[in-house]
1. So, by mean Cβ neighbours within 10 angstrom, what's the order for 117-123, 181-187, 74-80 with the highest one leading?
2. With a 1.4 Å probe and every protein chain kept in, tell me what percent of the accessible surface of the stretch 132-183 is carbon plus sulfur.
3. Averaged per residue, what accessible surface does the stretch 51-198 expose to a 1.4 Å probe, in Å²?
4. Which ³J(HN,Hα) values in Hz, rounded to whole numbers, follow from the phi angles of the stretch 137-143 under the Karplus curve 6.51 cos²θ - 1.76 cosθ + 1.60, where θ = phi - 60° and Gly and Pro get x?
5. Hey, can you rank 35-41, 96-102 by average C-beta count inside 10 Å, highest first?
6. Alpha carbons only, please: Rg and Dmax for the chain, in angstrom.
7. Between LEU190 and THR100, what FRET efficiency follows from the Cβ-Cβ distance if R0 is 41 Å, with the result rounded to 0.05?
8. Using only DSSP helix segments of four residues or longer, with each worth -39500 (n - 2.57), what per-residue ellipticity at 222 nm results for the chain after dividing by its residue count and rounding to 500?
Amino acid sequence: MADAMESPFTKALLADPAPLGLAGFAFSTFLLSISNAGWVSASGAVVPLAIAYGGLGQLLAGVFEMRKGNTFGFTAFSSYGGFWLFYALLSLFAGTGMITVSDTEIGAALILWGFFTLYMWLPAMMANTSLNLTFLFLWLAFFVLGIANITGSAMTLHAGGYLGLLTAFFAAYTSFAIVTNSVRPGTLPLGPGLFKKK
């Protein structure tokens with residue numbers, strides 16, 4: 001009886017926001033990473049995607065994770081949504097001459113994001129294998145890209161780009177698996193967490 005009286009709006013609020021946040025992160029990361037890896041020259045499409053999907057999409061997912069009481073999801077999606085907005089604003093402000101930013105400053109910022117991601121990776125290990133690998137390659141990518149900006153090494157930048165591509169792949173797979181399993185449970189594996197819940 002309670003289910004029958006549940007409004008469509010209430011049911012919509014019960015949907016899992018994680019696939020949205022993971023997809024927004026994955027495709028923004030992929031587009032930037034193919035440039036960092038040297039596959040294509042820098043693309044002007046990265047900034048709009050970073051704002052619309054990587055930034056606002058993940059912030060929206062973070063809000064709904066908070067409503068579900070998911071501290072990890074709320075912190076992760078809200079933070080990385082903030083990261084993509086930071087990246088977009090940095091690119092726009094620096095590109096128009098509103099601010100001057102050195103490569104060393106950008107490198108330091110990326111390394112700080114690497115430290116944040118490293119501590120987020122620790123609880124991610126307990127969730128499932130796919131999320132574990134997403135965060136593992138992400139913190140490695142941040143550190144390597146930070147070093148690349150500080151040293152000016154093109155080879156290191158390309159390495160960071162490839163790590164970003166691996167990150168995007170696992171984030172996209174995790175999103176795809178959750179969506180697919182919502183239609184037909186158990187279709188795609190996410191893998192076990194490293195530690196069993198007590």
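1. Top of the packing list down: 74-80, 117-123, 181-187.
2. Its accessible area is 81 percent carbon and sulfur atoms.
3. On a per-residue basis, the stretch 51-198 sits at 54 Å².
4. Once rounded to whole Hz, the list reads 6, 5, 5, 5, 4, 4, 4.
5. 35-41, 96-102
6. Using the Cα atoms of the chain, the pair Rg, Dmax is 17.8, 64 Å.
7. 0.40
8. On the way: 8 runs with 142 residues, N = 198.
So the calculated ellipticity at 222 nm is -24000 deg cm²/dmol.
The values are calculated or read from the model by the stated rules, or taken from the named source; none is laboratory data. Treat the numbers as computed from the prediction; the structure is a model and nothing was measured. Note: ideal-geometry Cβ built from the backbone for every residue, glycine included; neighbour counts use all protein chains shown. We work out accessible area using only protein heavy atoms, side chains counted, and drop any ligands, DNA or RNA first. Shrake-Rupley method; radii C 1.70, N 1.55, O 1.52, S 1.80 Å.
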